[in-house]
Amino acid sequence: MGLTVQAIVRECATRLADVDSPLLSAQLLVGEVLGLSPLALSLERDMVLDTVQAGKIHDLTERRAAGEPVAYLLGRREFYGVDFAVTPDVLIPRPETEHLVEAALAHFPVEASLRFADLGTGSGILAVTLARLYPLAVGFALDRSGPALDVARRNARAHGVDQRIAFVQGDFTESVPCHGCDLIVANPPYVTEAEYAKASREVAAYEPREALISGPDGLDHVRGLLPKARNALRQGGVLILEIGCSQAEGVKFIMSSECPGFKDFVVTKDLAGHDRVVFMRRA
Ligand code: GLN
């Protein structure tokens, strides 16, 4: 007699007792293999699994117990209300990055014919979300990583916006191949070397290091980005960046001392009350 859904969810949650949210993780992994939502799982709790299903759940549970993030196990993560494909070639979308989208919405009405760029697009969440929310927008999505761009393209196709985004492989600290942009967004690497040394195993062992780390003060990419973004923006165009919680002053200093030509610097906080987003306008 095989295990029931209820029994395997319990078994899986017990095995995951030492990782975050054991029950939720168990429900997600079991649900993934069975093609059932958490609600459907509870309705089907007496259903008996076959050995192939039980084996798949066992494998996913062991990988999760070893620290592999749920988003990589499932191959997706939600951002701004919709699912995005993720692979270990891209950073897992973080909820705080949604504040960049909110900052854009606060400055441009959704009917705007925006010309935008997303620098270091990764899985494409920002470019694809902007294209979804602004039906008349066209944009560029840049990344150094070819495999990351493949994921971003896949997400753009899945959300029906691939005709309005040009995907370009390149390093935004060297060149940004667009001009006259109304809006540039970026969630660049901004973790300091010291912070990275203390990162959880879940981050350090699985997520792409080059998407996170940015030199001793975490600002190497911002230093390279600001002059390129300034050149790519139209006068009055807007730059919105995600930053680390103690970097607002550092970014402001770089803007005013090393890269003149911006104005209207504003910092906003995330839900945890940490500085998270900076806004500036090309003078
Ligand atoms: N918020 C992310 C983290 O701390 C960092 C994201 C980034 O470097 N862009 O894991």
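If you take the residues of region 54-91 that are among the acidic types (Asp, Glu) and not in a helix (DSSP H, G or I), which of them is nearest to residue 15 (Cα to Cα)? This residue is 68.
One residue stands out in region 186-206 among those that are surrounded by fewer than 19 Cβ atoms within 10 Å (Cβ to Cβ) and assigned to a loop (DSSP other than H, G, I, E, B): the one that is nearest to the ligand (Cβ to nearest atom), namely 199. Of the strands (runs of 3 or more DSSP E) lying entirely inside region 115-184, those containing at least 1 residues that are buried (at least 20 other Cβ atoms within 10 Å of the Cβ) and within 15 Å of the ligand (Cβ to nearest atom) are 115-119, 138-143. State whether one or more residues within region 247-255 are more than 18 Å from the chain's Cα centre (by Cα) and in a loop (DSSP other than H, G, I, E, B). Checking region 247-255: at least one residue is more than 18 Å from the chain's Cα centre (by Cα) and in a loop (DSSP other than H, G, I, E, B). Considering region 1-53, there are no qualifying helices (runs of 4 or more DSSP H) wholly inside with 2 or more residues that are touching a Phe, Trp or Tyr at 6+ places or on another chain (Cβ under 7 Å) and surrounded by 15 or more Cβ atoms within 10 Å (Cβ to Cβ).
Check whether at least one residue in region 263-282 is of a type in the set (D, E, K, R), in a loop (DSSP other than H, G, I, E, B) and more than 17 Å from the chain's Cα centre (by Cα), and report yes or no.
At the first step, the residues of region 263-282 found to be of a type in the set (D, E, K, R) are 263-264, 269-270, 275-276, 281-282.
Adding the requirement that they be in a loop (DSSP other than H, G, I, E, B) leaves 270.
Subsequent filtering for residues that are more than 17 Å from the chain's Cα centre (by Cα) retains none.
Among the residues of region 263-282, not one is of a type in the set (D, E, K, R), in a loop (DSSP other than H, G, I, E, B) and more than 17 Å from the chain's Cα centre (by Cα), which makes the answer no.
Taking region 87-114 only, how many residues are of a type outside the set (Asp, Glu) and either surrounded by 20 or more Cβ atoms within 10 Å (Cβ to Cβ) or within 30 Å of residue 206 (Cα to Cα) (or both)? Count: 15.
Which residues, counting only those in region 207-237, are in a strand (DSSP E or B) and buried (at least 16 other Cβ atoms within 10 Å of the Cβ)? Don't jump to the end; show me each part of the working.
Quick first cut of region 207-237, residues in a strand (DSSP E or B) only: 213, 233-237.
Scanning region 207-237 gives 213, 233, 237.
Residues in region 238-261 that are crowded, with 20+ Cβ neighbours inside 10 Å and in contact with a Lys or Arg (Cβ under 8 Å, 6 or more places away or on another chain): 238, 239, 242, 243.
Which ones in region 83-104 are over 12 Å from residue 126 (Cα atoms) and away from the ligand (no atom under 16 Å from the Cβ)? Matches in region 83-104: 83, 85, 87.
Tallying residues that are out of contact with any Ser or Thr (no Cβ under 6 Å at 6 or more places or on another chain) and over 17 Å from residue 86 (Cβ atoms) within region 143-194 yields 32. Pairs meeting the criteria (first residue in region 2-14 and farther than 13 Å from residue 36 by Cβ, second residue polar (S, T, N, Q), beta carbons under 6 Å, at least 6 apart or on different chains) are 12/61.
Each reported figure results from applying straightforward, stated rules to the coordinates on display, with no laboratory input. Here the structure is a predicted model, which is why all the values come from computation and not from measurement. Note that we place each Cβ from the backbone using ideal geometry, even for glycine, and neighbour counts take in every protein chain shown.
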